[in-house]
Amino acid sequence: MAKIVVTEQIDPSGIRLLKEAGHEVIELGLGGGIEITPEQVGDAEILLVRIAEVTRGLMKACPGLKLVSKHGVGTDNIDMDAAKEYGVAVTIAPGANSLSVAEHAFAMLMTLAKNLPIVCSKYREIGFAAKNCAPGIEITGKTLGIIGCGRIGSRIAKMAHGGFDMKVLAYDPYITEAPEGVELVSDRDRVFKESDFVTLHPVLNKETQGSVGAREFALMKQGALFINCGRGPLIDEQALIDALESGHIGGAGLDVTAVEPCPPENPLFGMPNVLLTPHYAPATREAAVATSSLAAQNVLDFLAGKPIEGRVL
């Protein structure tokens, strides 16, 4: 029997799998982004985490820790160098929430294209005259640019091309084939220059952190729309704010921000052409069950010595 610490609230399906296998499960119920303390982990062998911070200090102080099972796919909250140094395995839950995130990104794109936040607000203020205050745009036939065409990006590409006959440009140096109807480009700048909508879905690492800033926003078409359902640190947030305030960027849909939760004083909250959601893209009933179950199954497979598709370390 293993001792397993689950840092944050997850769907009960995963907890049930672990308990039915006879393991001791401790649920901390931490808030997102909080650093886990050695006292909370104790002599546990397994950590199942969402976005709580798993630091070098924690791993050093908890020599019994054997596995960090990520509820999701991003490992930016886990010190991977330390995990390698201390022999702690790391697994992710690939594909479990990809559809939910892709749908959320596309919902943001369509909401901004139709100016729904502005029109809904104006309707309350000025009545039926709101129908003339902010004409939307059609997305059919427009160009969508995707940075990062993995599980999520490729789903969005299929929605755009298959559902709306959009031209899709994708930049991803880690793939050699793209979905049908997608032009895989080697020049990243083309994505920003030619697209009416740009959506970000690369993994956050040292190479991609801050990789979209003032230069990239300046390359975008006047009035283009920008979506980020990846990670906040992928972009220079102040540069985005500047581009929105100048009117060069027509609007932004952000499920992630540089600091989470986003501080109430952040100017983004006051912009009528900005959609902000609290890292909510994966929060569907289906994704909650799938991610929780897969993260738990990774734990069980690890303990049984079975191969794990989502093992990254």
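Quick note: the coordinates plus some simple rules give every number you see, no bench work behind them. Since the model is a prediction, treat every value here as computed from it, not as a measurement. Don't worry about glycine lacking a Cβ; one is built from the backbone with ideal geometry, like all the others, and counts go over all protein chains shown.
Couple of notes before you dig in:
- Whole-Å distance, taken between Cα centres, linking the range 86-104 and the range 263-313: 7
- Inter-site label distance for S246 and M80 at 7 Å from Cα along Cβ, in nm: 3.3
- Extension gain, Q238 back to E260 (0.36 nm per residue minus Cα-Cα distance, nm): 6.4 nm
- Label-to-label distance for E138 and I126 is 2.6 nm, based on points extended 7 Å past Cα in the beta-carbon direction.
- For the peptides 194-201, 295-302, 276-283, the ranking by mean Cβ contacts within 10 Å, running from highest to lowest, is 194-201, 295-302, 276-283.
- Extended-chain gain in nm, criterion 0.36 nm per residue less alpha-carbon gap, E180 and M271: 29.1 nm
- Helix-only mean residue ellipticity at 222 nm for the chain, each DSSP H run of n ≥ 4 adding -39500 (n - 2.57), per residue, nearest 500: -9500 deg cm²/dmol
- Nearby lysines by direct alpha-carbon distance to K70 (threshold 26 angstrom, same-chain neighbours under 8 apart not counted): K3, K19, K60, K84, K206, K306
- Nonlocal amide H pairs with R311, under 5 Å, H built at 1.01 Å: I92
- Separation of the A283 and V203 label points, Cα + 7 Å toward Cβ, nm: 2.7
- Whichever lysines have a C-alpha closer than 19 Å to that of K142, once near sequence neighbours (fewer than 8 apart) are set aside: K114, K158, K167, K193, K221
- Protection proxy ranking, peptides 137-148, 17-28, average beta carbon neighbours within 10 Å, highest first: 137-148, 17-28
- A protection proxy built from the mean count of other Cβ atoms within 10 Å ranks the segments 236-242, 151-157, most packed first, as 151-157, 236-242.
- Shape category assigned to the chain from the gyration tensor of Cα positions, a/c cut at 1.5: prolate
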